[in-house]
Amino acid sequence: MLGYILKRLLSAIPVLLGISIIVFLIMAMIPGDPATAILGSYATPENVEKLNRDLGLDKPLFKRYFIWLGNILQGDFGRSYSLNKNVIDEVIERFGATLILAGTSFIMCSLIGICAGVLSSAKQFKLTDKLITFIVLLGISIPSFFLGMMMILLFAVHLRWFPVSGMWPIYGARDLTALISHLALPASALAVVATGVIARLSRSAMLEILRQDFIRTARAKGLDEKTVIWRHALRAAMVSILPILGIQAGFVLSGAVYIEMVFQWPGVGRMLVDAILKRDILLVQGGVVFVAACYVIFNIAVDVAQHLLDPRIKA
Amino acid sequence: MALLDYTRRAMLAAGTATAIALSAISLSAQTPDDVLVVGQIAEPKALDPAAVTAVNDFRILMNLYDGLVRYKDGTLEVEPALATSWDISDDGTVYTFSLRQDVKFHDGSDFNADAVKFNFDRMLDEAHPYHNTGPFPLSFFFSAIVSVEVVDSMTVKFTLNAPYAPFLSNLAYPTGLIVSPDAVAKHGTDFGRNPSGTGAFKFGEWRSNEAVVVEANSGHWEGAPKLQAVVFRPITDANTRTAEMLAGGIDMMVEVPPVALSKFQGDGYTLHEQAGPHVWFLILNAKEGPFSDVRVRQAANYAINKEAIVNDVLEGTAAVAAGPTPPAFAWAYNNSLEPYPYNPDKARQLISEAGADGAELTFYVTEGGSGMLDPVAMGTAIQADLQAVGLKVNIETYEWNTFLGEVNPGLEGKADMAEMAWMTNDPDTLPFLALRTEAWPDKGGFNSGYYSNSKVDELLEAARASTDQNERARLYKDMQTIVQEDAPWVFVANWKQNAVTSDRVSSFSLQPSFFLLLNNVDKN
């Protein structure tokens, strides 16, 4: 097992190196440099050149890449010019906010999605199944940013149950209730599509299991339906549901970008969008590499979990 | 039915949990008394006036700092601030300022001539010990300064390399705001997050991506502000900003999107509007192609329905522009100018006189950018208007930075016309950088359409060298008449900045400088 984990971790290194090269090249290739973005209308060639020199962007490309990579390996992600702050401090702080949002959302969509899928499969072709299938289809079809705006209009502007945006109240205690009230709308909006996907795939995974012999045996020996479904069938189906959850976790994490923009959630997605618009090269590079590393590690963890759950899956 | 029982129980539990959570939330979204919450468009970069360039950041800075001079309320004319008076030498190169007595920075240190010298040396002298607290992207505003000398503790002398009339209004710009030398020495490169000035509000705290809080400075030389504190919240998304305003989460919102204006028409809100030193225009390529003929350039000005653009496309958030200088520069604006009327027949006649019927034109349009308003929709409307008078217009759309990269080096060999917008702080800036022969792109200027008129060059050079405001005004007015006639641009719109305040806010008005001044604002 340990060897497997080690092997997977080693194979992540070329992936991360590749990502660092790609993000570096993309930032070098997109039109517009930080100096032009800062100076706006005043971007004369002379002013741009001087500012680029001040920002250390006048060195050749490959040299800049190796300086940057060398610094990262020593834990120095550089300083963001647009925030006037160390990149790594900002990324960790913002990634924490994204994790709270995406994590809550992920728990919501996993629980609701699996429950809906199980319920739907247990009541195949009955009214419950049709109702759930319909709601799921609806959920999958609504773009999350649009749903987010509609939720703001209804729950924040008209009903005033929840705040419109942000993560903490401007005044007052920063406690769990305050966080939950700010989290409710964005986390729900973010969870809807993934819930639908998980529900659909859980349903088919369950249907497959429910047709198998050991389920018939379980029913035949007189176990009640609850035990058959939740203890025996779901457990077996989890082997195929788990990788779906892994993929959906990535989906929720990337979907957080839109939701963070709509709800002004101070997460890493909004940070990256702002940084790209301001051509804050170091912040974009550092942010992408950091998020990619987290995603790679998360995927390894899912694989390891699957391995533990079903030893038949070969390392 | 065991299965359904289970879920019903789960639903009940979930419902109860939600109800408990909801009951704990305060339903009132009311902001506190005496504290103004402002919905900003972005997180500020830094609170160091020498290091920032965005109007968004200026909105905070103007309340934290004072400059030597400032714009008189409601105008773009300079009046004393930290300097009580000044003398200008006859040749226009030496400015001597007398400074206000007994002014202290928020950190307790004294404001004096040494502090003023420190501020400008930090920006301009690469050998200065605190030059590394930059970069200072707008330091070229003061590139005419040769030296700053301390005459005595309350007198400071600036020597320029040549007469430069916009100097005073550049001092009134945020780049000229005075920071505390002690605070810069103490915080170094982190000064931008620990600002200290002399302004009506002092820095409270900065919670990244949530809020910048400033508190009343009771010892301000003009008296304490009425508000206890101001909270600036960055809300990038315009729809979300609108929703916050409607939900009562903020008291003031800047840059209301045109489509949301109708939401704030009724009671409970005040809509503020103010035209600013902004002009939106089309650069016409006067070097080659149909627009090298002045008649075709004038025809374009007649053919485009500017009223329709400002009223229908921009929903009234802009006014029709008459010439190259925005009316916000009231002292330098030529009131006798009338915008080119919408007259397609006259346009057709001019075009056929010039033999340009059916000419094909390439038109550079940007997707968006600083001061560009709604460039795609405006570009499309312009295309249709020109089509109607027999000019075939092909639009090429570019992302803003790419667009600047195409337009700023000049349109020659590429395009016949391009959208552009400028916002400046002195009537000198735009024409000097974008209309003189010496400002053609190959000479480092922004005259991307290669307009050239020796009389205009002469007037602009003379206006920059003069230190007499009346003299300058006369020269700018003459320049505007000539430029309007020559039509190197299609003059389209002057943007009106807007803001919405809730009915709890009083004594607020927008400034033509687009700065947000809050020292007299009250809230109850």
Open item on the list: Loop-only GluC sites (Glu not before Pro) in the range B:312-379, please: DSSP not H, G, I, E or B, and at most 12 other Cβ atoms within 10 Å.
Closed with: none
Task: Residues in the range B:489-507 that a label on B:N343 would reach, taking backbone N under 20 Å of a point 7 Å out along Cα→Cβ - done: B:489-493
- [ ] Let me have the relative contact order for chain B, percent, based on Cα pairs under 8 Å that are six or more residues apart.
- [x] 20 percent
Task: Alpha-carbon Rg/Rh ratio, for the protein assembly as shown, with Rh computed the Kirkwood way - done: 1.03
- [ ] Using only the Cα atoms of the range B:281-339, each taken as one equal point scatterer with no solvent, compute I(q) by the Debye sum, divide by I(0), and report log10 of the ratio at q = 0.21, 0.22 Å⁻¹.
- [x] -0.96, -1.00
Task: Paired Rg and Dmax values of the range A:88-309, which use every Cα atom, in angstrom - done: 19.9, 67
Task: Dipole of the protein assembly as shown [Lys/Arg +1, Asp/Glu -1 at C-beta], most positive-end residue of B:G413, A:S11, B:I41 - done: A:S11
Open item on the list: Give me, ordered by chain and number, the residues 5 or more places off B:T84 or on other chains with an amide H under 5 Å from its own placed amide H.
Closed with: B:S98, B:L99, B:R100
Open item on the list: Suppose every Lys and Arg Cβ carries +1 and every Asp and Glu Cβ carries -1, with no other charges. What dipole size does the protein assembly as shown come out with about its Cα centre, to the nearest 20 debye?
Closed with: 4820 debye
- [ ] Provide, for the range A:88-309, the number of lysine pairs with alpha carbons under 28 Å apart, each pair being eight or more places apart or on different chains.
- [x] 5
Task: Cα gyration tensor, the range B:278-495 - rounded (a/c under 1.5), prolate or oblate - done: rounded
Task: Potential extension, B:T481-B:E315 segment - 0.36 nm per residue separation minus Cα distance - done: 56.9 nm
- [ ] Quick one: what are the phi-derived ³J(HN,Hα) couplings along the range A:93-99, Karplus 6.51/-1.76/1.60 with θ = phi - 60°, whole Hz, x for glycine and proline?
- [x] 4, 6, 5, x, 5, 5, 4
Task: Fewest-first ranking of A:K221, B:K306, B:K287, using other Cβ atoms within 10 Å as the exposure measure - done: A:K221, B:K287, B:K306
TODO: Could you calculate the FRET efficiency of A:D58 with B:S507 from 1/(1 + (r/R0)^6), where r is the beta carbon distance between them and R0 is 41 Å, rounded to 0.05?
DONE: 0.25
Open item on the list: Quick check on the protein assembly as shown: of the DSSP beta bridges with both residues there, what percent are antiparallel, nearest 5%?
Closed with: 75 percent
- [ ] Using only Cα atoms, locate the centre of the range A:135-194 and the centre of the range B:199-237, then give the distance between them in Å, rounded to an integer.
- [x] 29 Å
Task: Loop-resident sites, the range B:96-205, for GluC sites (Glu not before Pro), counting at most 12 other Cβ within 10 Å (DSSP) - done: B:E126
Open item on the list: Could you tell me the center-to-center distance, by alpha carbons, between the range B:452-517 and the range B:270-320 in angstrom?
Closed with: 15 Å
TODO: Could you work out, residue by residue across A:166-172, how many beta carbons of other chains sit within 10 Å of that residue's beta carbon, and then give the average as an integer?
DONE: 6
- [ ] Round to the nearest 0.05 the FRET efficiency obtained for B:Q101 and B:E273 when R0 = 56 Å and r is the Cβ-Cβ distance.
- [x] 0.90
Task: Mean separation of Cα contacts under 8 Å (6+ apart) over length of the range B:120-197, as relative contact order % - done: 25 percent
- [ ] Please list A:180-191, A:145-156 highest first by mean number of surrounding beta-carbon atoms within 10 Å per residue.
- [x] A:180-191, A:145-156
- [ ] Would you mind counting up the charge near B:N209? Only other residues with Cβ under 12 Å from its Cβ, with Lys and Arg at +1 and Asp and Glu at -1.
- [x] -1
TODO: Give me the distance in nm between label points sitting 7 Å out from Cα along the Cα-to-Cβ direction at B:D34 and B:T402, one decimal.
DONE: 5.4 nm
TODO: Compute the FRET efficiency between A:F298 and B:N524 as 1/(1 + (r/R0)^6), taking r as their Cβ-Cβ distance and R0 = 56 Å, and round to the nearest 0.05.
DONE: 0.60
Task: Debye log10 I(q)/I(0) for the range A:1-88, one point scatterer per Cα, at q = 0.13, 0.19 Å⁻¹ - done: -0.57, -1.00
TODO: For chain B, go through all pairs of different Cα atoms, get the mean of 1/r, take its inverse, and jot down that Kirkwood value in Å.
DONE: 25.2 Å
TODO: Once you've got the Cα coordinates, tell me which of B:K45/B:K443; B:K117/B:K523; B:K117/B:K186; A:K50/B:K186 are over 29 Å apart.
DONE: B:K45/B:K443; B:K117/B:K523
Task: Fewest-first sequence of A:R216, B:R100 by Cβ atoms within 10 Å of each Cβ - done: A:R216, B:R100
Open item on the list: Cut-off is 10 Å between beta-carbons; in what order do B:K523, B:K117, A:K7 appear when sorted fewest neighbours first?
Closed with: A:K7, B:K117, B:K523
Open item on the list: Could you check the spin-label model distance between B:V94 and A:L176? Points 7 Å from the Cα along Cα→Cβ, value in nm.
Closed with: 7.3 nm
TODO: In whole angstrom, note down how far apart the Cα centers of the range B:386-403 and the range A:90-106 are.
DONE: 43 Å
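All of the numbers you see were taken from the coordinates with simple rules; none came from a lab. Fair warning: this is a prediction, and the values are worked out from it, not measured in the lab. Note that we place each Cβ from the backbone using ideal geometry, even for glycine, and neighbour counts take in every protein chain shown.
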